[in-house]
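The values are calculated or read from the model by the stated rules, or taken from the named source; none is laboratory data. Everything numeric in this text was worked out from a predicted model, so none of it was measured. A quick note on method: Cβ atoms are made from the backbone with ideal geometry, for glycine too, and the neighbour counts reach across all protein chains shown. Just so you know, the surface numbers come from the protein's heavy atoms only, side chains and all, with ligands and any DNA or RNA stripped out. Shrake-Rupley method; radii C 1.70, N 1.55, O 1.52, S 1.80 Å.
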Amino acid sequence: MLDVQGALKNLQSTVTRHFLHIQNQHPFMRAWAVQFELAYTDFRVIQLALQLADEMDLLKEFTTAYDKVYQYESAFAFDGLDGFNAKYATKMTDYEKAKEELLTAIAKITKEQPHDPNDLI
(Lines give C-alpha, C1' and ligand atoms only; values in the text may rest on other atoms or scores of the structure.)
Protein backbone atom coordinates (compact mmCIF):
# COMPACT_ATOMS: atom_id res chain seq x y z
CA MET A 1 0.00 0.00 0.00
CA LEU A 2 1.13 3.53 -0.67
CA ASP A 3 2.61 5.33 2.31
CA VAL A 4 -0.17 7.68 3.43
CA GLN A 5 0.83 7.94 7.07
CA GLY A 6 0.86 11.74 6.95
CA ALA A 7 -2.70 11.84 5.59
CA LEU A 8 -3.84 9.32 8.22
CA LYS A 9 -2.30 11.34 11.06
CA ASN A 10 -3.73 14.60 9.74
CA LEU A 11 -7.21 13.19 9.32
CA GLN A 12 -7.14 11.56 12.76
CA SER A 13 -6.05 14.79 14.42
CA THR A 14 -8.47 17.00 12.51
CA VAL A 15 -11.52 14.82 13.13
CA THR A 16 -10.72 14.68 16.84
CA ARG A 17 -10.11 18.45 17.15
CA HIS A 18 -13.21 19.32 15.13
CA PHE A 19 -15.42 17.16 17.31
CA LEU A 20 -14.06 18.83 20.45
CA HIS A 21 -14.44 22.28 18.88
CA ILE A 22 -18.12 21.68 18.18
CA GLN A 23 -18.77 19.80 21.42
CA ASN A 24 -17.39 22.77 23.36
CA GLN A 25 -19.61 25.10 21.33
CA HIS A 26 -16.77 27.21 19.96
CA PRO A 27 -17.80 29.53 17.12
CA PHE A 28 -16.93 28.97 13.49
CA MET A 29 -13.53 30.31 12.41
CA ARG A 30 -11.73 30.40 9.10
CA ALA A 31 -8.94 28.06 10.24
CA TRP A 32 -11.56 25.40 11.00
CA ALA A 33 -12.84 25.63 7.42
CA VAL A 34 -9.33 25.30 6.00
CA GLN A 35 -8.72 22.23 8.14
CA PHE A 36 -12.05 20.80 6.96
CA GLU A 37 -10.97 21.15 3.32
CA LEU A 38 -7.51 19.70 3.96
CA ALA A 39 -9.06 16.75 5.80
CA TYR A 40 -11.19 16.03 2.74
CA THR A 41 -8.02 15.97 0.63
CA ASP A 42 -6.43 13.54 3.11
CA PHE A 43 -9.57 11.40 2.90
CA ARG A 44 -9.34 11.23 -0.91
CA VAL A 45 -5.61 10.37 -0.82
CA ILE A 46 -6.30 7.53 1.62
CA GLN A 47 -9.14 6.29 -0.59
CA LEU A 48 -6.78 6.22 -3.57
CA ALA A 49 -4.17 4.25 -1.63
CA LEU A 50 -6.80 1.70 -0.59
CA GLN A 51 -8.07 1.36 -4.15
CA LEU A 52 -4.57 0.84 -5.53
CA ALA A 53 -3.91 -1.79 -2.85
CA ASP A 54 -7.18 -3.54 -3.75
CA GLU A 55 -8.35 -3.19 -0.14
CA MET A 56 -12.02 -2.89 -1.08
CA ASP A 57 -13.51 -4.00 2.24
CA LEU A 58 -11.36 -1.52 4.14
CA LEU A 59 -12.14 1.15 1.55
CA LYS A 60 -15.86 0.63 2.06
CA GLU A 61 -15.53 0.72 5.86
CA PHE A 62 -13.37 3.86 5.75
CA THR A 63 -15.58 5.68 3.26
CA THR A 64 -18.77 4.83 5.14
CA ALA A 65 -17.25 6.03 8.42
CA TYR A 66 -15.95 9.25 6.86
CA ASP A 67 -19.32 10.01 5.27
CA LYS A 68 -20.99 9.79 8.68
CA VAL A 69 -18.55 12.30 10.18
CA TYR A 70 -18.72 14.51 7.10
CA GLN A 71 -22.44 15.17 7.58
CA TYR A 72 -21.77 16.74 10.99
CA GLU A 73 -18.64 18.63 10.00
CA SER A 74 -20.18 19.97 6.81
CA ALA A 75 -23.19 21.31 8.74
CA PHE A 76 -20.78 23.31 10.89
CA ALA A 77 -18.59 24.35 7.95
CA PHE A 78 -21.51 25.53 5.83
CA ASP A 79 -23.83 27.01 8.47
CA GLY A 80 -21.68 27.72 11.53
CA LEU A 81 -22.45 26.77 15.09
CA ASP A 82 -26.07 27.96 14.94
CA GLY A 83 -26.72 25.90 11.81
CA PHE A 84 -25.04 22.86 13.30
CA ASN A 85 -27.03 23.18 16.52
CA ALA A 86 -30.31 23.60 14.65
CA LYS A 87 -29.71 20.30 12.90
CA TYR A 88 -27.61 18.20 15.28
CA ALA A 89 -27.66 19.65 18.83
CA THR A 90 -29.44 16.55 20.11
CA LYS A 91 -27.25 14.18 18.08
CA MET A 92 -23.84 14.73 19.71
CA THR A 93 -23.75 11.11 20.92
CA ASP A 94 -24.29 9.95 17.33
CA TYR A 95 -21.59 12.34 16.14
CA GLU A 96 -19.16 11.02 18.73
CA LYS A 97 -19.95 7.43 17.72
CA ALA A 98 -19.34 8.31 14.05
CA LYS A 99 -16.01 9.93 14.98
CA GLU A 100 -14.95 6.81 16.89
CA GLU A 101 -15.88 4.57 13.96
CA LEU A 102 -13.73 6.70 11.68
CA LEU A 103 -10.83 6.62 14.12
CA THR A 104 -11.14 2.82 14.24
CA ALA A 105 -11.01 2.62 10.44
CA ILE A 106 -7.99 4.93 10.41
CA ALA A 107 -6.25 2.67 12.96
CA LYS A 108 -6.87 -0.38 10.74
CA ILE A 109 -5.38 1.40 7.72
CA THR A 110 -2.42 2.58 9.78
CA LYS A 111 -1.61 -1.06 10.59
CA GLU A 112 -1.30 -1.70 6.84
CA GLN A 113 1.22 1.10 6.37
CA PRO A 114 4.92 0.52 5.77
CA HIS A 115 7.16 0.61 8.81
CA ASP A 116 8.81 4.02 9.22
CA PRO A 117 11.61 3.68 11.80
CA ASN A 118 12.26 7.43 11.70
CA ASP A 119 8.60 8.43 11.93
CA LEU A 120 9.33 11.34 9.61
CA ILE A 121 5.79 11.76 8.38
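Sorted by mean Cβ packing within 10 Å, highest first, what order do the peptides 91-97, 18-24, 44-50 take?
The densest-packed peptide leads the list: 44-50, 18-24, 91-97.
Which links in K68/K108; K9/K99; K9/K91; K60/K87; K87/K108 stretch past 20 Å when you go from one Cα to the other?
Too far apart for the 20 Å limit: K9/K91; K60/K87; K87/K108.
Quick one: pull the percentage of alpha-carbon pairs in segment 16-74 with a separation above 16 Å.
Everything past 16 Å amounts to 49 percent.
Taking a temperature of 4 °C and a viscosity of 1.567 mPa s, what whole-number D in µm²/s does Stokes-Einstein yield for the chain with Rh from Kirkwood over alpha carbon pairs?
88
Solvent-accessible area per residue for the chain at a 1.4 Å probe radius, Å²?
Normalised by residue count, the accessible surface of the chain is 57 Å².
Whenever you get a sec, compute what percent of the accessible area on segment 26-74 sits on carbon and sulfur atoms (1.4 Å probe).
57
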